[in-house]
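Visitor: Dropping a structure here in structure tokens format, bear with me for questions.
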Amino acid sequence: MTDTLPRQTRAWVLHPDLTADRGRRDSGPALEEAVSLAAALPSLEVVGAGVVRLAKPVPGTLFGSGKIEELKAAFEAAEVELVLVDGPVTPVQQRNLEKAWGVKLLDRTGLILEIFSDRAATREGVLQVEMAALSYQRTRLVRAWTHLERQRGGLGFVGGPGETQIEADRRAIDDQLVRLKRQLDKVVKTRELHRKARAKVPFPIVALVGYTNAGKSTLFNRLTGAEVLAKDMLFATLDPTMRAVRLPTGPEIILSDTVGFISDLPTELVAAFRATLEEVLAADVVVHVRDISHPETAMQAANVEDILEELGVSEGTPRLEVWNKIDRLPEDMREAALARAGRDPGLIPLSALTGQGMDGFLAALTEALGAGLREDEIMLGFDDGRRRAWLFERGLVQSEVQTEKGYRLTVRWGTRERDQFAAIPAA
């Protein structure tokens, strides 16, 4: 008996290009990213994709009637079962388009939620996905409900068709959200204990951040030897992955691989995965990994910087910018990237896949780890053996002189070690 793979759903991707929107993305790379998002779900088979130019969205149907008919014919010919719209779609638009085309429809938020649900591995990740999905669903129920109210008129005191069910659904979602929040609070407390335990470890934390599919997990694997899912796929990593690793240059660090950022990430999802990104707040060095071969690499980098700013990552935290995938660049562009990096020590061109440029990256990372260190001179009494032993155990003591009153030590340390030392009771 042979195992048969589950049948894939035939999907078509549409990117609405709002021509009146000055801040809109270039439609080519935007559609390509949307198709990559769809391809990230193994249950989907993308059978078609296209850009639909719009001067402005039609309130009830998003697209004009002529375009809806044209697309309906294409969908029927390709036997499409699911349409993915790369942008926001209101509940009213969704209902009308599903009816007109005879297919299921998901907007960008719904698709990203599906991917998150498929990828979340830890208990916390699963709970956060469920909460984000319910919040999204609840918003759409409320919007649909207010639409019914407007349609019927009056003050809403008299029940109308469908309204009772929507109210019941909304209450059920609220109850479920409360239950999930309680479960998540327990998981988060456990996570905080783990974080506090890590804070006692004298190793600095290095956080890898970047746009989704920039190659963070490939770099993580090369540095740690860990088998983290690293595919040419959007959102390959969702839950935070951390490993202790000794760099070939000497220092031992904790390396954190974080969820990939993406443009127009819905607010409920940013909030849901804030715990994943909290590792970045605790980082001693932030490594921003860019796919330098991507046509929109500058836009992606700006998007990542905006999210880091929103998270409140300190400007004082040392940053390194890794230009990954230089092996994919044409020779002239690769030479130009290497020349620019030679003039700017904050830029490190490399290929996490082939290992090209890794020596330069390791040297820059080692230097950045030392950038936050400073030398202090402290005095300890003869009876303060506990704190003195703590300093020596962590290799922070540069020199020591015995005096009549105790020990004068010169220590080289960072903020983390200073705070830990201050918390040790003096003799």
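The values are calculated or read from the model by the stated rules, or taken from the named source; none is laboratory data. No experiment lies behind these values; they were computed from the predicted model shown. So basically every Cβ, Gly included, is an ideal-geometry build from the backbone, and we count neighbours across all protein chains shown.
Visitor: Output the residues belonging to region 386-427 that are surrounded by fewer than 17 Cβ atoms within 10 Å (Cβ to Cβ) and among the aliphatic types (A, V, I, L, M).
Guide: If the condition is that a residue be surrounded by fewer than 17 Cβ atoms within 10 Å (Cβ to Cβ) and among the aliphatic types (A, V, I, L, M), then Ala389, Val401, Ala422, Ala423, Ile424, Ala426, Ala427 are the ones that fit.
Visitor: OK, next. Restrict the check to region 13-28 and report whether at least one residue is under 27 Å from Pro295 (Cβ atoms), hydroxyl-bearing (Ser, Thr, Tyr) and assigned to a loop (DSSP other than H, G, I, E, B). Let's see the steps before the verdict.
Guide: Step one: list which residues in region 13-28 are under 27 Å from Pro295 (Cβ atoms), which gives 13-28.
Checking the rest, the ones that are also hydroxyl-bearing (Ser, Thr, Tyr) come to 19, 27.
Now restrict to residues that are assigned to a loop (DSSP other than H, G, I, E, B): 19.
Yes: one or more hits.
Visitor: Does Glu404 fit the bill of being within 42 Å of the chain's Cα centre (by Cα) and free of Cβ contacts under 8 Å to residues at least 24 places away in the same chain?
Guide: When the stated conditions are applied, Glu404 does not pass them.
Visitor: Is it fair to say Pro295 is under 24 Å from the mean Cα position of the chain (by Cα) and in contact (Cβ under 8 Å) with a residue 60 or more places away in the chain?
Guide: So Pro295 passes the test.
Visitor: Look at region 4-47 and say how many of its residues are among the basic types (Lys, Arg) and either over 20 Å from Val80 (Cβ atoms) or surrounded by 20 or more Cβ atoms within 10 Å (Cβ to Cβ) (or both). Before you say what the answer is, go through the steps one by one.
Guide: To start, the set of residues in region 4-47 that are among the basic types (Lys, Arg) comprises 7, 10, 22, 24-25.
Narrowing further to those that are either over 20 Å from Val80 (Cβ atoms) or surrounded by 20 or more Cβ atoms within 10 Å (Cβ to Cβ) (or both): 22, 24-25.
The number of residues fulfilling the criteria is 3.
Visitor: Are any residues in region 80-101 part of a helix (DSSP H, G or I) and among the aliphatic types (A, V, I, L, M), and if so, which ones?
Guide: The answer is Val92, Leu97, Ala100.
Visitor: Next question, about the same structure. Given the condition surrounded by fewer than 19 Cβ atoms within 10 Å (Cβ to Cβ), at pLDDT 85 or above and either in a helix (DSSP H, G or I) or in contact with a Cys (Cβ under 6 Å, 6 or more places away or on another chain) (or both), answer yes or no: does some residue in region 51-61 qualify?
Guide: no
Visitor: Take the residues in region 297-317 that are in contact with a Phe, Trp or Tyr (Cβ under 9 Å, 6 or more places away or on another chain) and of a type in the set (S, T, N, Q), then tell me which one is modelled with the lowest pLDDT.
Guide: Filtering region 297-317 for residues that are in contact with a Phe, Trp or Tyr (Cβ under 9 Å, 6 or more places away or on another chain) and of a type in the set (S, T, N, Q), the one modelled with the lowest pLDDT comes out as Asn303.
Visitor: Out of region 361-394, which residues are free of Cβ contacts under 8 Å to residues at least 40 places away in the same chain and outside any strand (DSSP E or B)?
Guide: Glu367, Gly370, Phe382, Arg388, Ala389, Trp390, Leu391, Phe392, Glu393, listed by residue number.
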